[in-house]
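Engineer: Got a structure for you, questions after.
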Amino acid sequence: MFDFNAYQKLALRTAGNHGDFDRTLMYTALGLNGEAGEVAEHIKKALFHGHDLDREMLKKELGDVLWYLAVMAHTLDLPLEDIARHNIEKLARRYPEGFSEERSRHRNEP
């Protein structure tokens with residue numbers, strides 16, 4: 001398994017300096033949304049405009065999403081591995097036997 005914290009450390013090598021906390025948070029939030037938008041746009045074109053679905057291009061764009069996420073998490077002093085672990089634990093509590101539409105409609109936690 002790939003080490004998320006090692007990835008985060010390597011990603012920070014190319015993060016640059018965007019000023020103070022607020023500016024860095026704004027930079028990463030805007031970048032994260034921009035890259036996620038590129039992913040969504042490519043999928044939209046593939047599903048609705050007759051374009052080919054380019055998995056290699058999506059891999060690159062998803063990598064950009066991951067990069068911004070890693071830098072934002074660092075800015076918030078959150079190890080990427082902790083975020084990943086917290087998410088999996090939350091999903092395991094929410095869906096202990098795997099996803100079900102029934103449990104999705106009637107959740108006890110947000």
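All of the numbers you see were taken from the coordinates with simple rules; none came from a lab. All of these numbers come straight from a predicted model, not from anything done at the bench. Glycine also receives a Cβ, built like all others from the backbone with ideal geometry; neighbour counts cover every protein chain displayed.
Listed here are the residues, each with its yes/no results for (1) touching a residue at least 40 places away in the same chain (Cβ under 8 Å); (2) among the acidic types (D, E); (3) out of contact with any strand residue (DSSP E or B) (no Cβ under 9 Å at 6 or more places or on another chain).
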| site | (1), (2), (3) |
| --- | --- |
| K60 | no, no, yes |
| L66 | yes, no, yes |
| A73 | yes, no, yes |
| R93 | no, no, yes |
| P96 | no, no, yes |
| E101 | no, yes, yes |
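Residues are listed down the side, and each one gets a yes or a no for (1) of a type in the set (V, I, T); (2) out of contact with any Lys or Arg (no Cβ under 7 Å at 6 or more places or on another chain); (3) more than 24 Å from R85 (Cα to Cα); (4) surrounded by 11 or more Cβ atoms within 10 Å (Cβ to Cβ):
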| site | (1), (2), (3), (4) |
| --- | --- |
| A6 | no, yes, no, yes |
| G16 | no, yes, yes, no |
| D20 | no, yes, yes, no |
| H42 | no, yes, yes, yes |
| Y68 | no, yes, no, yes |
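Residues are listed down the side, and each one gets a yes or a no for (1) in contact with a Pro (Cβ under 9 Å, 6 or more places away or on another chain); (2) within 24 Å of M26 (Cα to Cα); (3) not charged (D, E, K, R):
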| residue | (1), (2), (3) |
| --- | --- |
| W67 | no, yes, yes |
| A73 | yes, yes, yes |
| L76 | no, yes, yes |
| L80 | no, yes, yes |
| A84 | no, yes, yes |
| A92 | no, no, yes |
| Y95 | no, no, yes |
| R103 | yes, no, no |
| R107 | no, no, no |
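Engineer: Let me ask something additional. From the residues in segment 44-66 that are among the small types (G, A, S) and surrounded by 11 or more Cβ atoms within 10 Å (Cβ to Cβ), which one is farthest from A6 (Cα to Cα)?
Structural biologist: Pass one, segment 44-66, residues among the small types (G, A, S): 46, 50, 63.
Restricting the remaining residues to those that are surrounded by 11 or more Cβ atoms within 10 Å (Cβ to Cβ) gives 46, 63.
Details: A46: 34, G63: 15 Å.
Selected residue: A46.
Engineer: Could you list, ordered by first residue, the pairs with Cβ atoms under 6 Å in which the first is in segment 25-36 and surrounded by 16 or more Cβ atoms within 10 Å (Cβ to Cβ) and the second is not in a helix (DSSP H, G or I), at least 6 apart or interchain?
Structural biologist: Cβ pairs passing all conditions: Y27/H18.
Engineer: Which of the residues belonging to segment 1-35 are among the aliphatic types (A, V, I, L, M) and closer than 15 Å to L76 by Cβ?
Structural biologist: From segment 1-35, those among the aliphatic types (A, V, I, L, M) are 1, 6, 10-12, 15, 25-26, 29-30, 32; that's our starting set.
Correct list: A11, L12, A15, L25, M26, A29, L32.
Engineer: So is D77 surrounded by 11 or more Cβ atoms within 10 Å (Cβ to Cβ) and under 24 Å from D22 (Cα atoms) or not?
Structural biologist: Taking the combined requirement at face value, the residue does not satisfy it.
Engineer: Tell me, yes or no, whether segment 87-101 has at least one residue that is acidic (D, E) and within 16 Å of the chain's Cα centre (by Cα). If you could, list the steps in order and put the result at the bottom.
Structural biologist: Filtering segment 87-101 down to residues acidic (D, E) leaves 89, 97, 101.
Filter once more, keeping what is within 16 Å of the chain's Cα centre (by Cα): none.
Checked against the condition, which is being acidic (D, E) and within 16 Å of the chain's Cα centre (by Cα), segment 87-101 yields no hits at all.
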